[in-house]
Amino acid sequence: VQLQAFGGGLVQTGGSLNLSCAASGSFIAIHRMAWYRRAPGKGRELVAVIDSAGVTTYGDSVKGRFTISRDNAKGTVYLEMTTLKPEDTGIYYCNANLRSASWNSYWGQGTQVTVSS
């Protein structure tokens, strides 16, 4: 099982970017899917979470600006980012709990988001 993230890049303050992360390989079910980020010189921060019922939770710093969604048929989680700020700069990682033989947590490879001031 593998998670692969897409999207990211360079954008100006106030701009928008969309990220996606697709699960591939042999798995039976996906439960929790999430996005985390790591800003330069800082620890990992939870950005947003969506569970299998579609219930979402957001980090305080992104509430009202970011939207997480998922497509269960495609095994994909999305992150729509709007009104971006320089402090949103960092490497964004997707994470998902998937069941193959058992439940395990998987991480994508990370994608760089840079917001210029």
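The values are calculated or read from the model by the stated rules, or taken from the named source; none is laboratory data. Because the structure is predicted, anything quoted here is derived from the model rather than measured. Quick reminder, even Gly has a Cβ in these numbers, built from the backbone with ideal geometry, and neighbours come from all protein chains shown. When the accessible area is computed, the model is the full protein with side chains, heavy atoms only, and any ligands, DNA or RNA have been set aside. Shrake-Rupley method; radii C 1.70, N 1.55, O 1.52, S 1.80 Å.
Key figures
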quantity	calculated
Thr114 vs. criteria of a type in the set (Ser, Thr, Tyr), assigned to a strand (DSSP E or B) and either closer than 16 Å to Ala5 by Cβ or in contact with an Asp or Glu (Cβ under 6 Å, 6 or more places away or on another chain) (or both)	yes
Hey, Glu80 within 11 Å of the chain's Cα centre (by Cα) and open to solvent by 50 Å² or more (accessible area, probe 1.4 Å) or not	yes
Leading residue by the ranking (surrounded by the fewest Cβ atoms within 10 Å (Cβ to Cβ)) among those in region 13-65 that are polar (S, T, N, Q) and out of contact with any Leu (no Cβ under 9 Å at 6 or more places or on another chain)	Ser26
Checking Ala73 against (1) open to solvent by 30 Å² or more (accessible area, probe 1.4 Å); (2) of a type in the set (A, V, I, L, M); (3) part of a strand (DSSP E or B), the condition it does not meet	(3)
Condition broken by Glu80, with the remaining ones in (1) acidic (Asp, Glu); (2) closer than 19 Å to Ser117 by Cα; (3) part of a strand (DSSP E or B) satisfied	(2)
Any hit, region 88-102, residues being on the phi > 0 side of the Ramachandran plot and either at pLDDT 95 or above or touching a helix residue (DSSP H, G or I) at 6+ places or on another chain (Cβ under 8 Å) (or both)	yes
Where Lys63 falls short, out of the listed (1) assigned to a loop (DSSP other than H, G, I, E, B); (2) farther than 18 Å from Val113 by Cβ; (3) among the charged types (D, E, K, R)	(2)
